[in-house]
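Down below is the structure, laid out as structure tokens.
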Amino acid sequence: MTLQQLKYLVTVAECGSITAAAEKLYISQPSLSTSIHSLEKEMGVTAFIRSKKGITITHEGEQLLSYARMLLEQADNMKDHFGKGKKRTPKFSVSCQHYSFAVNAYVDLIRHFDSDQYSFILRETQTGEIIDDVANGRSEIGILYLSPDNEAILSKMIKNKDLQFIELFVADPHVFLSADHPLAHKDIIEIDDLIPYPYLVYEQGEQNSFYFSEELIPMLDFPKNIQVRDRATLFNLLIGLHGFTVCSGVIDQKLNGDNIIARPLHFSSQMRIGCIVRKHTILSPYATFYQEALKKHLSI
């Protein structure tokens, strides 16, 4: 097994066909096929099922790809650490729940590592996908929260995928609402105060259960519920419908605007916001910087 073979494997998976991958890698199709076959034979797996329409990744192939991405990433991190005299293209991916501080920290990262070329990815996505992205090597860091209600389930998933959770911040629950909301004048909001208004939550796809929710309080506690996929839609509905959502309370006026405010919620639980990373790996300089940037924005 070589790093070149692992790069070939990942490229074939990304391109969806041997032909397209061979063109991207500037090698012949037979040479690429031979290299992939040799790797599959050495590992004792069938990574791809070939057909006229292209390739389909098997379950074993997904597992092999996860390790391949991790090893390639670790090789790049070693080069960054020990090959300081060489100029490299910055590459870094994060998957996160919908947090403004995660975006602000990413802005700091890109400004700090700005260069003529870079490849940065920020995925605001569903909770289950965040865990899968980090486990499969699509992202180096994931950002989510744990609470007494979801910790048993999510911690088990994190452990089973050989990840670890690094706590960054403990937040008391807050309500996000518009500045002209009827409850905006209250210093502390009670659960009963919110019942007449629409509860805005992020939709979680097939894993749409309370354990994967970005919000601390279940939808079942409120009669009016609206599920959305992105932050802009949530904020537009929050303003237009006098809706609300429950979150950490960490808000950025520059990013979210003056129309959105946070008010403390009288609720006994807390949110432990943190990063998930793969165990026993060398973090890239970008990941290390990003973690420190997160701490800075969470402390504000």
Among Ser155, Leu6, Gly16 - extreme Cα towards positive end, dipole of the chain, charges at beta-carbon: Leu6
In nm, give the distance between the simple-model label positions of Thr56 and Glu206, each being 7 Å from the Cα along the Cα-to-Cβ direction. 1.5
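How high is the relative contact order of the range 128-259? Use alpha-carbon pairs under 8 Å, at least six apart in sequence, and give a whole percent.
That works out to 30 percent.
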Å² per residue, accessible surface of the range 185-300 at 1.4 Å: 50
Could you tell me the distance between the Cα centroids of the range 158-195 and the range 274-300, to the nearest Å? 22
Within the chain, what whole-number % of the accessible surface is contributed by carbon and sulfur, with the 1.4 Å probe and all protein chains included in the calculation? 52
Qualifying lysines (Cα of each under 16 Å from Cα of Lys91; at least 8 residues distant if same chain): Lys7, Lys79
Computed about the Cα centre, the charge dipole of the chain from +1 Lys/Arg and -1 Asp/Glu charges at the Cβ has a magnitude in debye, to the nearest 20, of 1320
Can you pull the Rg over Rh of the chain, Cα-only, Kirkwood? 1.03
Can you send over the solvent-accessible area of Met157, 1.4 Å probe, protein chains only, in Å² to the nearest 10? 40
Spelling out what I want: for every residue of the range 120-127, take phi, set θ = phi - 60°, compute 6.51 cos²θ - 1.76 cosθ + 1.60 (Karplus), and round to whole Hz; glycine and proline get x. 10, 10, 10, 10, 8, 9, 6, 4
Convert each backbone phi in the range 25-34 into a coupling constant with the Karplus relation 6.51 cos²θ - 1.76 cosθ + 1.60 (shift: θ = phi - 60°), then list the ³J(HN,Hα) values in order as whole Hz, x for Gly and Pro. 8, 6, 10, 6, 4, x, 5, 5, 4, 4
For the range 1-148, what's the relative contact order in percent, using C-alpha pairs closer than 8 Å and at least 6 residues apart? 21
Cut-off 16 Å, label 7 Å out along Cα→Cβ of Ile188, residues of the range 259-279 by amide N: 263-270
Mind giving me the FRET efficiency for Ile282 and Lys161? R0 is 25 Å, r the Cβ-Cβ distance, nearest 0.05 is fine. 0.85
As I understand it, the value is the acute angle between the Cα axis of helix 100-112 and the longest principal axis of the Cα atoms of the chain; what does it come to in degrees, rounded to 10? 50
Listed residue (Val94, Gly249, Gly54) projecting farthest to the positive dipole end of the chain, Cβ model: Gly54
Explain nothing, just the number: dipole magnitude of the range 157-300 about its Cα centre with +1 on each Lys and Arg Cβ and -1 on each Asp and Glu Cβ, in debye rounded to the nearest 20. 600
Within the chain, what percent of beta bridges assigned by DSSP are antiparallel, to the nearest 5? 60
Run through the DSSP bridge list for the range 167-255 and note the antiparallel percent, rounded to the nearest 5. 40
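Contact order normalised by length for the chain, with contacts defined as Cα pairs under 8 Å and 6 or more residues apart; what percent is it?
Values: 497 pairs, mean separation 68.2, N = 300.
Relative contact order of the chain: 23 percent.
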Residues with amide H under 5 Å from that of Ile282, placed H, sequence gap 5 or more: none
How large is the charge dipole for the range 95-180, taken about the Cα centre, if only the Cβ atoms of Lys, Arg (+1) and Asp, Glu (-1) carry charge, to the nearest 20 debye? 240
Give the separation of the Cα centroids, the range 1-61 to the range 121-137, in Å. 24
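The values are calculated or read from the model by the stated rules, or taken from the named source; none is laboratory data. What you see is a predicted model; the values in this text were computed from it and never measured. Virtual Cβ from ideal backbone geometry, glycine too; neighbours counted across all protein chains shown. The area values use the complete protein model at the heavy-atom level, side chains included, leaving out ligands, DNA and RNA. Shrake-Rupley method; radii C 1.70, N 1.55, O 1.52, S 1.80 Å.
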